[in-house]
1. Using 20 Å as the cut-off for backbone N distance, which residues of the range 27-56 belong to the label zone defined by a point 7 Å from the Cα of residue 254 along Cα→Cβ?
2. Starting from the Cα of residue 101, step 7 Å toward the Cβ, then list every residue of the range 76-95 with an amide N under 11 Å from that point.
3. Starting from the Cα-Cα distance between residue 26 and residue 43, subtract it from 0.36 nm times their residue separation and give me the gain in nm to one decimal.
4. Could you let me know the centre-to-centre spacing of the range 143-216 and the range 39-108, using Cα atoms, in angstrom?
5. Taking all pairs of distinct Cα atoms, average 1/r, flip it, and tell me the Kirkwood hydrodynamic radius of the range 29-154 in Å to one decimal place.
6. Based on the Cβ-Cβ distance of residue 3 and residue 242, what FRET efficiency does E = 1/(1 + (r/R0)^6) give at R0 = 25 Å, to the nearest 0.05?
7. From Cα coordinates alone, what are the radius of gyration and Dmax values for the chain in angstrom?
8. What is the helix-to-structure angle for 206-217, meaning the angle in degrees between its Cα long axis and the longest Cα principal axis of the chain, kept from 0 to 90 and rounded to the nearest 10?
């Protein structure tokens with residue numbers, strides 16, 4: 001069986017930056033173990049699988065280890081591929097996913113994704129989180145992921161986590177964040193428990209970051225940078241129980257896999 005595959009760098013306007021995602025186009029769903037095997041072979045933080053359903057598309061995401069319930073950069077990459085192939089009926093792509101109905105529309109030279117907000121709640125300090133990060137955060141919060149808040153961008157950039165300790169915390173992932181030097185806020189994202197030691201740019205994390213920083217800074221529109229080695233840029237808007245995440249994407253690879 002031959003399947004078309006695309007690799008797209010998401011949340012960036014140039015190749016070799018942002019977060020690379022694989023997008024595999026299917027006619028119907030294949031067995032889950034085959035989907036997981038393809039994601040493991042691709043060895044990217046996420047592989048997206050897309051099945052057309054008339055005017056909408058079914059969408060699923062897999063890390064090299066597990067299926068996940070929401071992924072921003074691979075959704076952006078999937079919409080970029082669908083728009084590029086001319087398979088969208090207009091200026092919007094509608095995905096049905098484990099994360100609910102997700103809409104992606106053209107917004108100038110960017111794509112705007114409508115995602116569920118996942119606001120965090122403050123929790124007590126945890127010495128095991130400090131041990132995992134190698135530094136004590138000013139605040140600790142929790143949504144799907146743990147979120148550790150620090151005082152400066154330099155604090156975030158200097159972190160050298162212990163992934164062995166982090167993998168034993170029982171959390172899906174840890175977001176670290178702080179005010180940005182040239183933007184509203186910066187972040188990094190670590191998820192060794194699901195096969196992603198550090199994710200280059202993480203859309204789903206901004207479902208939690210956006211409501212937090214919107215409340216803290218008193219504004220709904222935010223400019224964010226994820227300060228990983230590859231780096232990425234997002235424009236975020238808080239809309240109550242939803243967030244809008246805007247970003248760019250560029251093609252890197254088009255090909256065919258045989259399974």
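FYI, it's all coordinate maths here, none of it is from the lab. What you see is a predicted model, and the numbers here were worked out from it, not measured in a lab. Cβ atoms come from the backbone with ideal geometry, glycine included; neighbour counts cover every protein chain shown.
1. Only 27, 48-52 pass the distance filter.
2. Flagged as within label range: 94-95.
3. Values: separation 17, 0.36 × 17 = 6.12 nm, distance 1.92 nm.
Extra length available between residue 26 and residue 43 comes to 4.2 nm.
4. Between the Cα centre of the range 143-216 and that of the range 39-108, the gap is 23 Å.
5. Values: mean 1/r = 0.0594 Å⁻¹.
Result for the range 29-154 stands at 16.8 Å.
6. Numbers: r = 33 Å, r/R0 = 1.31.
Computed FRET efficiency for residue 3 and residue 242: 0.15.
7. So, for the chain, Rg and Dmax equal 17.5, 53 Å respectively.
8. Helix 206-217 sits at roughly 40 degrees to that axis.
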